[in-house]
Amino acid sequence: MNMSGRKTMAIMLAASFASTIGGLPFNTLPILLGSMVDSLGFSVERVGLLGAVCFAGYLLGTLMAVVLIDRLNWRWLTLGCATGAAAAYWMTSWLPATAQLPLWALIGFFAALMTCLGMRIMGEMANKERALGLRLGIELGLVAAVLFALPSLVIAYFHYTGAVVMLAAIILLLSPSALALPRREDFIGRDTPPRNGSVLSRFQLPPAAYAALGFFFLFGAGQIGLWAFLERLGHGLALQPGELGIVFAVLKLLGGAAALTLAAVGDRLGVRVPHLIVMLVLGTGLLLLGNAEGFVMYAAGAWIWEVGFTWGCVYQTAAIARLDRSGRSIMLIPGAFALSSMAGPALAGQLVGQGYTMLLWIAAACAVIPVLAFTCLLARRLDGEGVAVERVVVAV
């Protein structure tokens, strides 16, 4: 597909905004659920159930995206999902407790479709690392601004109602970017089944793509498990609340900067070397965290680990897109990430009772194994492409 640089950038920005809308529920979920306890008087058990239902809706949306996204008009899909998510948010502020479960399931469902659409489009770009890095950088940058304003400027004065009205307004403000999205027909890959193909055919992916999704799940479970208890690790070092606040405020900014760095670098490092860099960066961060005795080493370890985690997510997403020409497997990544978000903290919670050393070792293993697996999968893919080219040359 031939596009001007300006048109390509407009499409990438629109896809990034769609993905940002999809990421808002999960990036703001802890703050919103806590606000529901304080403002609406919900019990901790009830809001915990709401979080689980939101993830269930998200998983369903991920599976439905594989079936629907290559069949629907992308602009109408984005506008419809954005309107539905904004309305569901608004209704959670005034409908009774019995209506909250379906509303949060809808929020998760619409969010998954938006995230999958953004990743579907970015996965078709020639320079996948640049496109996916831009997507994540924009998403984390906007999320950092929202997380800065939400607790101190909105919830403190307008409580839960103000928070969901703000999020609904942000979603509606970003939704007109859908008009810059391309036609679906321009982006459907050569290996995508026709629109009248069976539902089952939509999940017929190359074995390498399913293997890559499994290793991405392992990577996410280990790192998200550590993330869930990173604050507790700092608390165990007797860090002050102000010091922990600095660490976590800088984390999101560094994550966005790391993603935008990849957007600038793109695929200049090839497709295998970046995974080894990710392993070294993550290893350095984990080593510093494991030997931290105060603020400086803890902060340095957490920040370096965050950069490695961000880079790992981008490069592994790009690798999955390269391993499946149809572009469908990339839409299962949000589902794999959601499963990691459930499995990782649960496993980590069992490990921290024995101290944080075991948790750090598990995080390291969950980083090393996927990195080595991705380098092997990509090596086989490149070797296969080389053999195919050689055969074509011989035939000519």
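For region 16-67 and region 226-245, what is the centre-to-centre distance using only Cα atoms, to the nearest Å? Result: 24 Å between the Cα centres. For region 196-294, the list of GluC sites (Glu not before Pro) that fall in a loop by DSSP and count at most 11 other C-beta atoms within 10 angstrom reads Glu293.
Proximity of backbone amide H atoms, modeled 1.01 Å from N, is registered between Arg272 and no other residue at under 5 Å, excluding neighbours fewer than 5 places apart on the same chain.
The relative contact order of the chain comes to 25 percent, based on Cα pairs under 8 Å that sit 6 or more residues apart.
Could you tell me what percent of the accessible area of region 263-328 is made up of carbon and sulfur, with a 1.4 Å probe and every protein chain present? Kindly include the intermediate steps, with their values, before the conclusion.
Values: 1650 of 2470 Å².
In region 263-328, the share of accessible area belonging to carbon and sulfur is 67 percent.
Rounded, prolate or oblate for the chain? Axes are the square roots of the Cα gyration tensor eigenvalues, ordered a ≥ b ≥ c, and the cut-off for rounded is a/c under 1.5. Please list the in-between numbers first.
Numbers: a/c = 1.78, a/b = 1.17, b/c = 1.52.
Cα axes put the chain in the oblate bin.
Each residue of region 127-144 was assigned a 3J(HN,Hα) from its phi angle through the Karplus expression (A = 6.51, B = -1.76, C = 1.60, θ = phi - 60°), giving 9, 5, 4, 5, 5, 5, x, 4, 4, 5, x, 5, 4, 5, x, 5, 5, 4 Hz with x at Gly and Pro.
Restricting attention to region 60-134, which trypsin sites (Lys or Arg not before Pro) occupy a DSSP loop and are surrounded by at most 15 other Cβ atoms within 10 Å? Let's see the in-between values first.
Values: sites: Arg71, Arg75, Arg120, Lys128, Arg130; in loops: Arg71.
Answer by residue number: Arg71.
Placing +1 at every Lys and Arg Cβ and -1 at every Asp and Glu Cβ, with all other atoms neutral, what dipole size does the chain have around its Cα centre, in debye to the nearest 20? Don't skip to the answer; put the middle values down first.
Values: 24 positive and 18 negative charges, 221 e Å.
For the chain, the charge dipole is close to 1060 debye.
Here Trp303 sits with roughly 70 square angstrom of accessible surface, probe radius 1.4 Å. Measuring nothing but how far apart in sequence close Cα pairs (under 8 Å, 6+ apart) lie, relative to its length, region 219-378 scores a relative contact order of 43 percent.
Across region 280-296, rounded Karplus estimates of 3J(HN,Hα) from the backbone phi angles (6.51 cos²θ - 1.76 cosθ + 1.60, θ = phi - 60°) give 5, 5, 4, x, 5, x, 5, 5, 5, 5, x, 10, 5, 10, x, 4, 4 Hz, Gly and Pro being marked x. Computed extension gain for Leu269 through Arg183, at 0.36 nm per residue and net of the alpha carbon distance, reaches 27.9 nm.
If you sort Val265, Val273, Val247 by accessible surface, 1.4 Å probe, largest first, the order is Val273, Val265, Val247. How many angstrom lie between the C-alpha centres of region 124-185 and region 306-344? Their Cα centres are 19 Å away from one another.
Shape of region 257-304 from its Cα gyration tensor (a ≥ b ≥ c, root eigenvalues): rounded if a/c is under 1.5, otherwise prolate when a/b > b/c, or oblate? Judged from the Cα gyration tensor, region 257-304 comes out oblate (a/c at least 1.5, b/c at or above a/b).
Heavy-atom accessible area per residue, the chain, 1.4 Å probe: how many Å²? Please report the intermediate quantities before stating the final value.
On the way: 17190 Å² over 396 residues.
On a per-residue basis, 43 Å².
Rounded to whole numbers, the Karplus 3J(HN,Hα) couplings from phi for region 93-108 are 7, 9, 7, x, 4, 5, 8, 5, 4, x, 5, 5, 5, 5, 4, x Hz, using 6.51 cos²θ - 1.76 cosθ + 1.60 with θ = phi - 60°, and x at Gly and Pro.
The values are calculated or read from the model by the stated rules, or taken from the named source; none is laboratory data. Please read all numbers here as calculations on a predicted model, not as lab measurements. Ideal geometry is used to build each Cβ from the backbone, glycine not excepted, and the neighbour counts take in all protein chains shown. Calculation scope for accessible area: heavy atoms of the full protein, side chains included, ligands and nucleic acids excluded. Shrake-Rupley method; radii C 1.70, N 1.55, O 1.52, S 1.80 Å.
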